[in-house]
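Every number in this text was worked out from the coordinates using simple rules, so none of it is lab data. Everything numeric in this text was worked out from a predicted model, so none of it was measured. Quick reminder, even Gly has a Cβ in these numbers, built from the backbone with ideal geometry, and neighbours come from all protein chains shown.
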Amino acid sequence: MKQNIIETHGLNYHFGKRQILQNLELRVPRGSVYGFLGPNGAGKSTTIRILLGLLPVPEGKVLVHGLELKNNRLDILRQTGALIEMPTLYRHLSGYDNLEMTRRMIGAPKKRLQEVLEITGLTADAGRKTKEYSLGMSQRLGIALALLPDPELLILDEPTNGLDPSGIREVRNLISSLNKDFGKTIFLSSHLLSEIEKTATELAIIDKGATLYQGSLKDLYAHTFQPAILQLRTSNAAIAVQILTDHQYQLLDSEHDKLVVRLAGREQAASINRLLVENGVDVYHLSTETQHLEDFFLRMTTKEPVMALSA
């Protein structure tokens, strides 16, 4: 079992009389890309500020790199890189000079400059002033700045915010490479659920400061995202309808050669196909409509009552 690089236990936080976090429980496995999701006002930004030592830990326990945050803030920050939305850059300076200023402040070795430029794909543009950079290049430079101390943990808050599709893909590919090729643990907060779905290996959904779901995406897909609808096109819709009805399948729609059937589980798609073929009905098309992360997220964070889940 992988050791957790971040853990929170009974984490609470108040702004005045307003409770922002309510017994928040997070477990971030070392080596994962951990998607951190929640609607506006759920407590994501407050959680990130606490993890970075920008807010105190008044109630509860926070462990980062196995160290308790309250008593080891500086040691933890030396091993942690962060990018919170847009990086703060000196726009009149080149990308290289921005990196060099930060390198001197943190005491990183000189060779680290070329390493982070290569990792983030900015070597060819290092000499350009950052005011000439696209948003995607600026974001990658922000990640390069966070990588200078060679941290094991990267905390990224909305790293694709405001980017066009090309910039989003660049940052997504960089995040995947940092995790797979360089062994970085990525704590990734984003409102782009499709990006979390493509990138994350682990996931937490919070709302009103409490954890609603936590676990791997693989488990979420296996236990929650079962295909609910099957669409078929056959050589004889009338006979197909009769066969499926006789075998107690629930038909939702039938039109010309197209049938729509409700599924109770993934295995029923194969059973229906086999049943029709064995009864002399050719199946030209068969596809399932599967729930996605967005469906699950919206269901959990609406006003409908939901039970907290943990995989």
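Please compute the net charge surrounding H9, taking Lys and Arg as +1 and Asp and Glu as -1 over other residues with Cβ under 13 Å from its Cβ.
Every neighbour counted, the sum reads -1.
What residue among L153, L203, L276 shows peak mean-square fluctuation when the chain is described by a Gaussian network model with Cα springs under 10 Å?
L276
Where in the chain are the DSSP H helices whose C-alpha atoms run 15 Å or more along the long axis and whose mean Kyte hydropathy is at least -1.0?
95-106, 135-147, 165-180, 267-278
Any idea what the dipole of the chain comes to, in debye rounded to 20, about its Cα centre with Lys/Arg Cβ at +1 and Asp/Glu Cβ at -1?
Magnitude of the dipole: close to 1280 debye.
Mind scanning K129/K184; K111/K184; K70/K218; K44/K180; K44/K184 and naming the pairs with a C-alpha gap bigger than 23 Å?
K129/K184; K70/K218; K44/K180
Could you list the square roots of 5 times each eigenvalue of the Cα gyration tensor of the chain, that is, the equivalent ellipsoid semi-axes, sorted largest first and rounded to whole Å?
Working through the eigenvalues yields semi-axes of 46, 25, 16 Å.
Once amide H atoms are placed 1.01 Å from N in the peptide plane, what residues at a sequence separation of 5 or more from D207, or on another chain, have their amide H within under 5 Å of its amide H?
L212
Using the Cα atoms of region 91-183, I'd like the radius of gyration and the largest Cα-Cα distance, Dmax, both in angstrom.
Looking at region 91-183, its Cα Rg and Dmax stand at 12.5, 36 Å.
Treating cross-link reach as a plain straight distance, find the aspartates and glutamates whose alpha-carbon is under 17 Å from the alpha-carbon of K17, omitting any fewer than eight places away in the same chain.
Correct list for K17: E59.
Of D295, D246, D75, which is the most mobile in a GNM of the chain whose springs link Cα atoms less than 10 angstrom apart?
D246
How big is the gap, in Å, between the Cα center of region 97-117 and the Cα center of region 66-83?
Taking the Cα centre of each part, region 97-117 and region 66-83 sit 20 Å apart.
For L55, what residues show an amide H to amide H distance below 5 Å, using hydrogens built from the backbone and excluding near sequence neighbours?
The list, which skips near neighbours in sequence, is I50.
Output needed: percent of Cα pairs per 5 Å distance bin for region 229-289, bins running from 0 to the one holding the longest distance.
Here the calculated profile for region 229-289 is 4, 21, 38, 29, 7, 0.
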